[in-house]
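Chemist: After the structure tokens below, expect a handful of questions from me.
The values are calculated or read from the model by the stated rules, or taken from the named source; none is laboratory data. Remember, it's a predicted structure, so these values are computed and weren't measured experimentally. Ideal geometry is used to build each Cβ from the backbone, glycine not excepted, and the neighbour counts take in all protein chains shown. Areas reflect the complete protein model, heavy atoms only, side chains present, ligands, DNA and RNA absent. Shrake-Rupley method; radii C 1.70, N 1.55, O 1.52, S 1.80 Å.
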Amino acid sequence: MTEKRQVNVSALQFACSDDISTNVAAAERLVREAHSKGANIVLIQELFEGYYFCQAQREDFFQRAKPYKNHPTIARMQLLAKELGVVIPVSFFEEANNAHYNSVAIIDADGTDLGIYRKSHIPDGPGYQEKFYFNPGDTGFKVFQTKFAKIGVAICWDQWFPEAARAMVLQGAEVLFYPTAIGSEPQDQGLDSRDHWKRVMQGHAGANVVPLVASNRIGKEIIETEHGPSQITFYGNSFIAGPTGEIVAEADDQVEAVLVAQFDLAMIKSKRQSWGVFRDRRPDLYKVLLTMDGNL
């Protein structure tokens, strides 16, 4: 009989103000709550230090970026992780000389900084004008060996790409984590991507036979742009999916939440091996994925 390897994962969900100290304090409070519920790995939403500023293309917003080294929020989360014995991926706006990235630092349960992942896929559309601020990430898809599990962490728009999820699980990721900031579309109030967003990630979990954790913010945020105010209402719906894509915990679109779910990674590994989706892969036939237009 396979020995159990149980891990408790958590997704946080809260509304952000545009004040760093307030938001970091809220994140810490919810991490502590997750820990009190038994969580080992706690995911905070994307760019939680402030409003999602990418609604506008403003030069002054580059001042929100800070270097990775000695980043104050990362340092605070290192102390918290060590105190509680939990793993915390920390999303931040990174300045690296003349480059800027949408990044996440992975903090292990003893407070060790295991390194960063830089967001690979950068969106550019009304309300989500990230290409103005962020260079395409140069780290490639990575996995991190934490105290409790080998994890893959990608960021928001990355979650729409099955290649990213597959690449992380191929490298040994046992759980996938996606910090997120997504909501309404300023140019089309009738467009609601919530269910599409959830189904795509449920597919990543099921196709790779791994649990998946998605953390999204809630609340209405208004940013002044060169064309006047822009508004997004973030739809929350943070969730945790199991290894067949089933949702085992989810939040709504209004309320602050701390989701926790437990998984037996040894049992899931056995299921993943026996299901055959990695045994029967044909990478020799996938060269078309290296093209932009499908022509080899």
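Chemist: Enumerate by residue number the GluC sites (Glu not before Pro) in the range 215-276 meeting two conditions: DSSP loop (anything except H, G, I, E, B), and at most 14 other Cβ atoms within 10 Å of the site's Cβ.
Modeler: GLU246
Chemist: In what sequence, highest mean first, do 55-68, 200-213 appear when ranked by Cβ atoms within 10 angstrom?
Modeler: Descending packing order for the listed peptides: 200-213, 55-68.
Chemist: Accessible surface of ASP192 in the full protein assembly, 1.4 angstrom probe, to the nearest 10 Å²?
Modeler: 100 Å²
Chemist: Between ARG5 and GLN171, 0.36 nm times their residue separation minus their Cα-Cα distance comes to what? Mind showing how you got there, number by number?
Modeler: Values: separation 166, 0.36 × 166 = 59.76 nm, distance 1.90 nm.
Contour length minus the Cα-Cα distance gives 57.9 nm.
Chemist: Any idea of MET267's accessible area? Nearest 10 Å², probe 1.4 Å.
Modeler: The value for MET267 is about 110 Å².
Chemist: Is the shape of the range 139-296 rounded, prolate or oblate, going by the alpha carbon gyration tensor and its root eigenvalues a ≥ b ≥ c, with a/c under 1.5 for rounded and a/b larger than b/c for prolate?
Modeler: Oblate is the answer for the range 139-296, as a/c is 1.5 or above yet b/c matches or exceeds a/b.
Chemist: In bins 5 Å wide, starting from 0, what share of all Cα pairs of the range 6-290 does each bin hold, as a percent?
Modeler: Binned Cα distances yield the sequence 1, 6, 13, 18, 20, 18, 13, 7, 4, 1, 0, 0.
Chemist: For TRP160, TRP197, give the ranking by accessible area with the largest first, probe 1.4 Å.
Modeler: On the way: TRP160 50, TRP197 0 Å².
Ranking TRP160, TRP197 by accessible area, largest first, yields TRP160, TRP197.
Chemist: OK, next. Starting from the Cα of LYS269, draw a straight line to each of the aspartates and glutamates and keep only those under 19 Å, dropping any in the same chain fewer than 8 residues away.
Modeler: Answer for LYS269, where 19 Å is the Cα cut-off: GLU3, GLU174, GLU246, ASP280, listed by chain and number.
Chemist: Shifting gears a bit: Any idea how far apart HIS227 and PHE62 come out in nm if each label point goes 7 Å out from Cα toward Cβ?
Modeler: Reported label-point gap for HIS227 and PHE62 is 2.3 nm.
Chemist: How much accessible area per residue does the range 121-215 have, in Å², with a 1.4 Å probe? Mind dumping the intermediate values first?
Modeler: Values: 3460 Å² over 95 residues.
Heavy-atom accessible area per residue stands at 36 Å².
Chemist: Spin-label point model (7 Å from Cα, Cβ direction): what's the ASP195 to TYR286 distance in nm?
Modeler: Taking the simple label geometry, ASP195 and TYR286 are separated by 3.0 nm.
Chemist: Round to a whole number: what % of the accessible area of the range 6-290 belongs to carbon and sulfur, probe 1.4 Å?
Modeler: Answer for the range 6-290: carbon and sulfur cover 51 percent of the accessible area.
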